[in-house]
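The values are calculated or read from the model by the stated rules, or taken from the named source; none is laboratory data. This is a predicted model, so every value here is computed, not measured. Here Cβ is always computed from backbone atoms with ideal geometry, including for glycine, and neighbour counts include all displayed protein chains.
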Ligand code: ARG
Ligand code: ZN
C-alpha cells in the first residue's frame with residue numbers, strides 16, 4: 001500500500017494494512033485563542049513497517065509554522081505538504097517529530113476538530129475528533145489502530161478560559177509569567193487519536209465523589225454554561241447508576257481519577273466518549289422537571305450510560321479500523337439497552353428499541369443506502385454512523401448474548417476484555433473470544449455482519465393429531481441490496497412458545513426428548529428447516545420470535561383472529577404488543593386497498609379497545625397497544641409509495657378506534673391527569689404516556705371538547721410531557737387554539753434552545769400541505785440558524801423525515817425547500833448536510849409524480865455538492 005492513500009478511491013476493508021509507523025508518545029501543547037490557536041505536537045515515532053517506507057501524517061486545514069526532526073528544523077525539500085497531509089520521505093527508524101501549526105477555531109463551522117461553541121464573546125472551545133477530526137488539529141496518523149500515550153498542556157487567558165480540560169488525570173496547573181493560565185493533563189491509557197479531547201472556557205461545574213468497586217476514588221464533574229448547570233443533576237445520577245451497573249454486570253470499573261462530561265449546544269451528533277472527557281450535545285445531558293419530557297429523561301440516562309460504557313467497549317478495547325465501527329457501537333448500544341431495561345421496564349424498552357429499528361434501520365436496509373453492519377467499503381466514514389451500524393449492530397450482539405446465555409455471555413465478555421485490553425480489535429476477534437470462552441463456534445454469525453438487508457422469515461406450523469406432534473417450518477430469504485445480489489442464509493434464533501386456548505404455554509419436547517420447557521429457541525441455519533415438538537396437544541397459536549429474537553420481518557400467515565387471540569392472551573408482554581402491531585398492519589393494508597369495511601379493521605378496533613377496560617394492563621403498555629405502527633413503518637407496505645395515502649390510511653385507523661373509544665378515553669384522560677404532580681417515578685411516567693394517548697384519541701373523537709382540555713394542559717400541566725403532547729395535538733389537528741398556544745410556548749421558552757427546538761420540530765411535522773410555507777417562514781425566522789445542528793435537525797430533518805403530507809406535497813414545494821437548504825448547509829457543515837440528505841433516499845419508491853420531482857432535486861444536489869460527505873450520500877442515493 002502506498003504511504004499516502006488515494007482520496008479519490010473508496011477505502012476497502014480487504015486492503016487493510018497495519019500502520020507503517022507507531023506513535024509511542026504524544027506531547028501536545030496548545031496556546032488557545034478563539035481566532036488563533038497554536039498547536040505544538042511532539043510525536044515519538046517508531047517504524048513498524050518495512051525500512052525505507054516514508055512517513056505520512058494526515059493533516060487538513062493546518063497552517064504549518066515550523067517542523068523539526070529530533071530537534072533539527074527540516075528544510076522545505078525534506079518534507080512535502082498537500083491538502084491531505086505531510087510526507088517525510090527520509091526517516092530514521094525512530095525519531096521525535098515536532099510540528100507547530102496554527103488554526104482558527106472560530107471559523108470551523110463543520111464542528112469537527114477544534115471549534116467554538118456559542119459566540120466569540122461568550123462561547124467556549126472544544127473538540128470533536130471521531131471519526132477523522134484529529135487531523136484538523138495536528139499532523140498525525142489519524143487511524144484508530146495507532147494507540148499512543150498523551151500528555152496535553154493547555155495555555156490561555158484565565159479571564160476568558162478559566163477552565164482548561166483534556167483527557168486523563170490532572171498533572172499540574174499554574175500561572176505563567178505573562179499572566180496566562182496553564183494546565184497539564186496526563187492520560188496513562190494508550191488511545192487512538194479519535195478519543196482525544198480538550199475543552200476551554202468559562203464553565204460552571206457540578207461535582208460528586210465516587211469510589212469504584214476496586215477502591216479507586218474518582219471525582220465526577222459535569223461542566224456546563226452558567227444557565228445550564230442547575231440542570232445537570234439528573235445526568236450525574238444517571239452516570240453514577242451506569243458506573244455501578246457496569247461494575248455489577250460486567251465487572252468493569254472506571255480507570256482514571258476524574259471523569260468529566262461537558263455540555264454544548266453545538267454538536268453534530270448525540271455525544272462523544274473521549275477518554276475521561278465525554279462531550280455531550282446539551283440536548284442529551286440537561287434535564288429538569290419543568291422543561292424535559294419523560295422521553296428526554298430516558299434519553300439522557302441512556303446516552304450518559306452509552307458514552308460511559310464506551311470506556312471499556314470502545315476505549316480500553318478499540319477498533320482496528322472504521323469498518324469495525326459496530327464492534328464498539330453495536331456492543332455499546334446493546335449494553336445501554338440492558339442497562340436501561342434494568343433501570344425501567346424491560347418490555348417497554350424492548351418495544352422502544354424495536355420501534356427504532358423498524359422506523360430507521362429497516363428502511364435503511366431496504367433502500368439505496370443499505371450497507372452491512374460491517375461495511376466493506378466507504379468514501380466518507382461519517383456517513384456510516386447509521387441505524388444499521390448502531391441498532392442492527394446491537395441486535396447482532398443481542399443474538400450472540402442470547403446464544404450464550406447470561407453466564408456464557410459474561411464469560412465471553414471477560415475473555416474479550418482479557419485478550420484485547422489496550423488493543424485495537426476486529427469483529428473476528430470479538431466472535432473468537434466469545435466463542436472460545438464457551439467452546440462454541442460463532443463464526444456463522446459473521447455473515448450477519450457482512451450481509452446487508454433485512455431477512456424475511458416465513459413460518460408455518462402443522463399439527464399432526466394422530467402422532468401428537470407439532471412441526472414448525474421456517475424459511476428465510478433476503479432480497480438483494482446494492483452491490484450484493486446473492487444472499488446467504490443466516491443463523492436465525494427464533495424464541496417461541498406454543499399456546500393453548502387459555503394462552504398458557506404448552507410443554508415443549510424435542511424429538512431427542514429432554515425435560516419439557518415452556519419456551520425454547522430454535523436456530524434456523526439454512527434456507528429452510530423444520531422443527532418438530534412431540535407429545536403435544538394441539539396449540540391454539542404459536543408465539544414466534546418472542547422478544548424479537550432476531551432482526552427479521554416475520555410472515556407467519558396469521559389471520560386477524562389468531563392475532564386478536566394473541567393480543568388477548570399472550571403472556572409475553574413484547575409479543576402481545578407485537579400481535580397488536582401485526583393486527584393493525586393487516587387492518588392498514590385493507591384501508592390502503594380501499595376496503596374500508598374490511599373485517600380486519602373491526603377486529604383491530606374491538607380487540608385493542610377492549611384492553612381499555614382491563615385494569616391489569618400497565619398504562620404505558622396499554623398506550624402502546626392502542627397505537628398503530630408509525631407511518632414510517634407503514635410506508636414500507638405501500639408500493640409504489642404514496643405518502644399522503646399512507647398518512648390518510650393510518651389516520652383512518654386512528655379515527656376508527658377513536659369513534660369506538662371516545663367517551664372512555666375522555667374519562668380515562670380525566671382520571672389520569674387529575675392525580676398528576678409531575679413526579680418522575682416509573683408509575684407517573686407510565687400514566688402520562690397513557691394520558692397522552694387518550695388525549696390523542698379523544699382529539700379525533702371530539703375535537704372541540706378535547707381541544708379545550710388540550711389548550712389548558714398546554715398552558716398549565718405540571719410537566720413538559722403533557723404540555724408538549726397537548727401542544728402537538730392542537731397544532732397537528734389544526735385546532736383554533738393552536739396558534740395562540742404556539743405563541744405562548746415560544747415566548748415562555750424563548751431563551752432555552754433545547755425547548756425551542758421542540759417548538760420547531762412539532763411545527764415541522766404538522767400534517768397539512770400548508771406546513772411547507774410554515775417551515776419556510778420558520779427557516780427565515782431570526783431564531784433559526786443553519787449553523788446549529790440541533791436546530792437544523794429540529795426543523796428541517798423533522799420535516800423531511802416525518803412530514804409525509806407537506807414534505808411530499810405533490811407540487812414539489814417541500815422538496816425544493818430542502819434542496820435549497822442543503823446547498824447552503826453543505827458549505828457550512830457537511831456532516832449535518834449529509835444526515836439531512838439521507839432523508840431523500842426513498843425517491844425511487846415514490847409514485848411517479850413525486851418521484852420525478854424528487855429525483856430532479858437529488859440530481860441537481862448531486863451536481864452541486866461540494867463536500868465528499870454529501871456527494872457520497874447523493875451518489876449512492878441515485879445509483
Ligand atoms: N462515538 C460517538 C457515539 O457514542 C459518535 C460520534 C460520531 N461523530 C461523528 N462525527 N461521526 O456514538
Ligand atoms: Zn457510541
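From 308, 223, grab the single residue that is within 27 Å of residue 149 (Cβ to Cβ), away from ligand 1 (no atom under 16 Å from the Cβ) and buried (at least 20 other Cβ atoms within 10 Å of the Cβ). Explain how you work it out, then say what you get.
Numbers: 308 fails: away from ligand 1 (no atom under 16 Å from the Cβ).
Within the list 308, 223, the selection yields 223.
Looking at 216, 184, 231, 208, can you tell me which residue is out of contact with any helix residue (DSSP H, G or I) (no Cβ under 6 Å at 6 or more places or on another chain) and surrounded by fewer than 18 Cβ atoms within 10 Å (Cβ to Cβ)?
Going through 216, 184, 231, 208 in turn, just one is out of contact with any helix residue (DSSP H, G or I) (no Cβ under 6 Å at 6 or more places or on another chain) and surrounded by fewer than 18 Cβ atoms within 10 Å (Cβ to Cβ): 216.
Taking the stated definitions as given, is residue 623 under 27 Å from the mean Cα position of the chain (by Cα) and in a loop (DSSP other than H, G, I, E, B)? First the steps, then the outcome.
On the way: under 27 Å from the mean Cα position of the chain (by Cα): yes; in a loop (DSSP other than H, G, I, E, B): no.
The answer is no for residue 623.
Residue 78: within 37 Å of the chain's Cα centre (by Cα), assigned by TED's automatic domain parsing to the domain that holds residue 201, at pLDDT 95 or above and surrounded by fewer than 19 Cβ atoms within 10 Å (Cβ to Cβ), yes or no? Talk me through it step by step, then tell me what you get.
Values: within 37 Å of the chain's Cα centre (by Cα): no; assigned by TED's automatic domain parsing to the domain that holds residue 201: yes; at pLDDT 95 or above: yes; surrounded by fewer than 19 Cβ atoms within 10 Å (Cβ to Cβ): yes.
For residue 78, the condition - within 37 Å of the chain's Cα centre (by Cα), assigned by TED's automatic domain parsing to the domain that holds residue 201, at pLDDT 95 or above and surrounded by fewer than 19 Cβ atoms within 10 Å (Cβ to Cβ) - is not met.
Can you tell which of 325, 348 is within 15 Å of ligand 1 (Cβ to nearest atom) and within 30 Å of residue 842 (Cα to Cα)?
325
Out of all the residues in the stretch 276-305, which are within 19 Å of the chain's Cα centre (by Cα) and either within 11 Å of ligand 2 (Cβ to nearest atom) or under 30 Å from residue 432 (Cα atoms) (or both)?
If the condition is that a residue be within 19 Å of the chain's Cα centre (by Cα) and either within 11 Å of ligand 2 (Cβ to nearest atom) or under 30 Å from residue 432 (Cα atoms) (or both), then 278, 302, 303, 304, 305 are the ones that fit.
Filter the stretch 252-278 for residues that are farther than 20 Å from residue 210 by Cβ and either near ligand 1 (Cβ under 10 Å from one of its atoms) or modelled with pLDDT under 95 (or both) and give the result. Outline the logic, then answer.
Initial filter on the stretch 252-278 (farther than 20 Å from residue 210 by Cβ): 264-270, 272.
Matches in the stretch 252-278: 267, 268, 269, 270, 272.
If I ask for residues that are assigned to a loop (DSSP other than H, G, I, E, B) and surrounded by 20 or more Cβ atoms within 10 Å (Cβ to Cβ), which ones from the stretch 146-157 would you list? First the steps, then the outcome.
Keep residues of the stretch 146-157 that are assigned to a loop (DSSP other than H, G, I, E, B), which gives 146-147, 157.
Once the filter is applied, which keeps residues that are assigned to a loop (DSSP other than H, G, I, E, B) and surrounded by 20 or more Cβ atoms within 10 Å (Cβ to Cβ), the stretch 146-157 yields only 146.
Quick check on residue 86: is it under 33 Å from the mean Cα position of the chain (by Cα), assigned to a strand (DSSP E or B) and away from ligand 2 (no atom under 16 Å from the Cβ)?
On the way: under 33 Å from the mean Cα position of the chain (by Cα): no; assigned to a strand (DSSP E or B): yes; away from ligand 2 (no atom under 16 Å from the Cβ): yes.
Spelling it out, it is not the case that residue 86 is under 33 Å from the mean Cα position of the chain (by Cα), assigned to a strand (DSSP E or B) and away from ligand 2 (no atom under 16 Å from the Cβ).
If residue 314 satisfies every condition in (1) closer than 21 Å to residue 191 by Cα; (2) more than 16 Å from ligand 1 (Cβ to nearest atom) but one, which is the exception?
Every condition holds for residue 314 apart from (2).
Working only within the stretch 189-205, note down all residues that are farther than 19 Å from residue 262 by Cβ, surrounded by fewer than 23 Cβ atoms within 10 Å (Cβ to Cβ) and in contact with a strand residue (DSSP E or B) (Cβ under 7 Å, 6 or more places away or on another chain).
190
Take the conditions touching a strand residue (DSSP E or B) at 6+ places or on another chain (Cβ under 6 Å), within 13 Å of ligand 2 (Cβ to nearest atom) and not in a helix (DSSP H, G or I) and apply them to residue 261. Does it pass?
Working: touching a strand residue (DSSP E or B) at 6+ places or on another chain (Cβ under 6 Å): yes; within 13 Å of ligand 2 (Cβ to nearest atom): no; not in a helix (DSSP H, G or I): yes.
When the stated conditions are applied, residue 261 does not pass them.
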